[in-house]
Every structure is written in structure tokens, then in C-alpha cells.
Amino acid sequence: MKAKVSTLRIVVLGAENVGKSAITVRFLTKRFIGEYSSITDHTYHTVWNARDETFNIEITDTSPHSENVSDYHQNVSREDGNAFVIIYNVADGATFYHAKSEVERLRRNPNTSHLPILLLGNKTDLEHLRDVSVSEVRQTALCYNCKLYEVSAAEDFQAIHVAFRELIAHAIVIDNQ
Ligand code: GDP
Ligand code: MG
């Protein structure tokens, strides 16, 4: 019998403009607005029902402009999540390498090395401009034990919902071990 997890903290990371805020807002509201303020980190709260249980979920949408950026690597609020979403833009290879370095950093840290990570490619509506190799992403996800999805915050809510659902399900299992 699984114990109830009352709060699950999800931290959303990734390079600037990959769509961290767009993905977070899409997940929370089903809407795509287009432009998002990214001056500070934002923590949102939502309720998630899985089977007969209710979970309080906190999602922190991080911003490189946040005051926290100076002590980014020590930052407690960003490092004490139960689960991480690391986003790259499929049309910008540099953002994938940024995401990969975030994954490596979390896997090296003993506090986060075992926690679930969702590696999330965004902007698949820009597939014609793809700059990130699918096989390289798959290899990275396999190597660092990450869930992997590619989505478009602009065009599709459902895929984002599915990706988060898998991350949350996995986080719940880990929390109960
Ligand atoms: P953040 O800096 O990572 O939080 O990125 P934002 O969420 O602010 O998004 C950066 C820009 O990318 C904005 O202009 C968004 O409208 C745009 N954007 C976000 N998601 C998508 C997407 O799926 N497709 C396209 N084409 N643009 C997107
Ligand atoms: Mg943002």
C-alpha cells in the first residue's frame, strides 16, 4: 500500500527562451499565451489526482534573471525538488547542451542523483528547423535515466499532460521507497 505524498516539488530548468514558462503555464492552465514574464522564479501550486489520492504539487518555473542566479549552483529552492523538468528547444542545439549539463549536474549531486528527471524537448512545431539529433537525445536520456518527451507548448496540451503525468507517477513511486 502506497503512503500518501502530500507535496511534490517540481523544478523546471533550461536555457533562456526554450519555453519553460510556456510549458509550465500550459500544464497548469491548458492555455498558450505566447509571451511570458521571466524576471524571477515563479512557484505555482496545483492539485493532482492519481488513483484515489490527492497530491499538492508545487512547480517552480525558474528564470536566469532571478536574483537567485548568482548562487545558482548552491540554490536550495532549485535543488530540493522531488522531480525535475529540464527543457531544450529542438530547433536550437545549444539549448540541448545546456539541458545536458543540467542533467549531469543533478546526477552528480548526491541529493538529486536518484530523483526523476523529465528531459523535455519543446517547439516541435519548428521541426523543419530541427537542430538537435534525436539519437543523441535518446542516448542522453538512456545514459542518465531520464524520461524523454518532445512536445510543442504552442500546439499541443495533451503531450505535455502525458509527460508530466509520467514524471509525477515516477516521483510518487520513488517517494514511497
Ligand atoms: P523561457 O525563457 O524558457 O521561460 O521561455 P518562454 O516560455 O518565455 O518562451 C520563449 C519564447 O518561445 C516565447 O516567445 C514563446 O511564445 C515561445 N514558445 C514557447 N513554446 C513554444 C513552442 O512550442 N513553439 C514555438 N514556436 N514557440 C514557443
Ligand atoms: Mg520564463
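Some observations on this one:
- Taking segment 88-137 as the range and being charged (D, E, K, R) and not in a helix (DSSP H, G or I) as the test, the residues that pass are ASP92, LYS123, ARG130, ASP131.
- Looking only at segment 7-23, residues that are assigned to a helix (DSSP H, G or I) and surrounded by fewer than 24 Cβ atoms within 10 Å (Cβ to Cβ) come to 1 in all.
- Some residue of segment 87-109 being at pLDDT 90 or above, over 23 Å from TYR149 (Cα atoms) and out of contact with any helix residue (DSSP H, G or I) (no Cβ under 6 Å at 6 or more places or on another chain): yes
- Of residues in segment 53-74 being of a type in the set (Ser, Thr, Tyr) and outside any loop (DSSP other than H, G, I, E, B), the one modelled with the lowest pLDDT: SER70
- Residue list for segment 46-61, restricted to those being within 14 Å of VAL25 (Cβ to Cβ) and of a type outside the set (A, V, I, L, M): THR46, THR60, ASP61
The values are calculated or read from the model by the stated rules, or taken from the named source; none is laboratory data. Remember, predicted model here, so these are calculated numbers, not experimental data. With ideal geometry, Cβ positions are generated from the backbone for all residues, glycine too; neighbour counts draw on all protein chains shown.
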